[in-house]
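Data first, discussion second: the structure below is written as structure tokens.
Just so you know, all these numbers are worked out from the coordinates, no wet-lab data involved. Because the structure is predicted, anything quoted here is derived from the model rather than measured. We place every Cβ from the backbone using ideal geometry, glycine too, and count neighbours over all the protein chains shown.
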Amino acid sequence: MLAAHPSWRYRKIMFNEFVFVGPPGDPARIAQASSLEEVLRRLVASRVGFVSRGDRSGTHEREQALWALAGVRLTGEALLTSGAGMAVALRQAADRQAYTLADRATFDQLASQLALHIVFKGDGRLINSYA
């Protein structure tokens, strides 16, 4: 896209972090995972439930890239497709005692209203830069 606009300049202006959030008790034991790939493998093995935004947003695109990176795919009843924004997906995850990938800013804003907590964070591949 930048090549088509030679007067545009690429500059990072801020960043956010993606985090995996899940229900109290962490039934899939995501917090014990030693890597991002293990997080995704544990989600598949647990069949607990995962809410995907499913809306072609940047968060959904990152989620799809992470599944591909781990070489696993969640299917069937364990995969709940929201088709809505982050706040709705977080509320659905809380209601269904499921996991989801969330941007940290939105989760922090809504955390007091949700029965969810951060179970995995800090991997460099979860950084979301804005430019």
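Specify which residue in the list Leu110, Leu79, Ala94 is farthest towards the positive end of the charge dipole of the range 25-125, using unit charges on the beta carbon of Lys, Arg (+1) and Asp, Glu (-1), about the Cα centre.
Farthest towards the positive pole: Leu79.
Could I have the simple spin-label model distance between Ala4 and Ser57, label points 7 Å from Cα toward Cβ, reported in nm to one decimal?
Here the answer is 2.5 nm between the modelled labels.
Of the listed peptides 65-73, 51-59, what is their order by residue-averaged count of other C-beta atoms within 10 Å, with the highest listed first? Could you put the intermediate results ahead of the total?
Numbers: 65-73: 13.9, 51-59: 18.1.
Ranking, from highest mean packing down: 51-59, 65-73.
Does anyone have the angle between helix 86-96 and the longest principal axis of the chain? Alpha-carbon axes, 0 to 90°, nearest 10?
Computed tilt is about 10 degrees.
Between 0 and 90 degrees, rounded to the nearest ten: what's the tilt of helix 36-46 against the longest Cα principal axis of the chain?
Between helix and principal axis, roughly 40 degrees.
Going 7 Å from the Cα of Asp123 along its beta-carbon direction, which residues of the range 28-42 have the amide nitrogen within less than 13 Å of the resulting point?
30-42
Given Cβ point charges of +1 (Lys, Arg) and -1 (Asp, Glu) and nothing else, what value in debye, to the nearest 20, does the dipole of the chain about its Cα centre take?
Numbers: 16 positive and 12 negative charges, 50 e Å.
For this selection, approximately 240 debye.
What are the extents of the Cα atoms of the chain along their three principal axes, listed from largest to smallest and rounded to whole Å?
That works out to 51, 33, 27 Å along the principal axes.
Can you give me the relative contact order of the chain as a percent, contacts being Cα pairs under 8 Å and 6 or more apart?
Details: 214 pairs, mean separation 56.8, N = 131.
It comes to 43 percent, rounded to a whole number.
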